[in-house]
Amino acid sequence: PASTSCSPDRPAEKISGRIPSLVDRMKPVLLLCTEPVSDHIGGLAIRYLRLASLLQPHFPLFFWAPEWKRMPDAHLTLWDGKEISHFGAIIAPPNAWLYFPHLEACNVPLVWDLMHPLPVENLFLFPEEEVQWHYSCLLMTLCLLTGSLFLIATPAQKEWYSLHFAVLGRKSEKDPWILLPPSPPAEPFPQVQEERKYLLWLGGLWDWLD
């Protein structure tokens, strides 16, 4: 059975309850979204806007994206991309390394969002491209070596990444995994009514993920 920290219930409390163990709650948290927030918004940007709304009641929050078009229901403070060392924690996906290659040197606790298992994804999408494979393995390794906490999408991912921890020779005294569904729910799931039919959709149908 999954540990308490790997439970999908109350995702905001799960995340906000773990970050204070890293930092003073009064320090701001930086959320790095590596997809544009615009009219043609993608899955990662949707996830990070939702994550921002979950965390805002608990921390001073700054948001960054490579392109930003203010969304009508998003009231966020944007980071200017300059001073980074004053943040209490940084939450980001693995490809944030491409935008900010010196993240580890900023001495801020890193919370890596590992919902997308990059090596498996790129092996599926680019089976003939060795460079993509090695690139994605390098990004994942950097994340696992430098992260203080990790967001994952399923309990199976916890087992998979834990094996990589062992291969890298890293062990953690505390459970570093936090289960966060691909699109965290705004409210508890409504009571199921027998006369209705329900479709549960996690946001995509990919062999490498689902």
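Rounded to the nearest percent, how much of the accessible area of segment 94-173 (1.4 Å probe, protein heavy atoms only) is carbon and sulfur?
Carbon and sulfur atoms account for 61 percent of the accessible area of segment 94-173.
What's the ranking of 129-136, 49-56 by average number of surrounding C-beta atoms within 10 Å, highest first?
So the peptides 129-136, 49-56, ranked by packing, come out 49-56, 129-136.
I'd like to check one number: the per residue accessible area of segment 107-177, probe 1.4 Å, reported in Å² as a whole number.
It amounts to 55 Å² per residue over segment 107-177.
Just tell me which lysines come within less than 26 Å, Cα to Cα, of LYS171; anything on the same chain fewer than 8 places away is out.
LYS14, LYS158
How long is the gain from SER172 to HIS86 if the chain were fully straight, where each residue apart is worth 0.36 nm and the alpha carbon distance is subtracted?
The span from SER172 to HIS86 would gain 28.4 nm if fully extended.
The values are calculated or read from the model by the stated rules, or taken from the named source; none is laboratory data. Owing to the predicted nature of the structure, the values given are computational and were not obtained by experimental measurement. Here the Cβ is made from the backbone with ideal geometry for all residues, glycine too, and neighbour counts use every protein chain on show. Accessible surface is based on the protein model in full, side chains and every heavy atom, while ligands, DNA and RNA are left aside. Shrake-Rupley method; radii C 1.70, N 1.55, O 1.52, S 1.80 Å.
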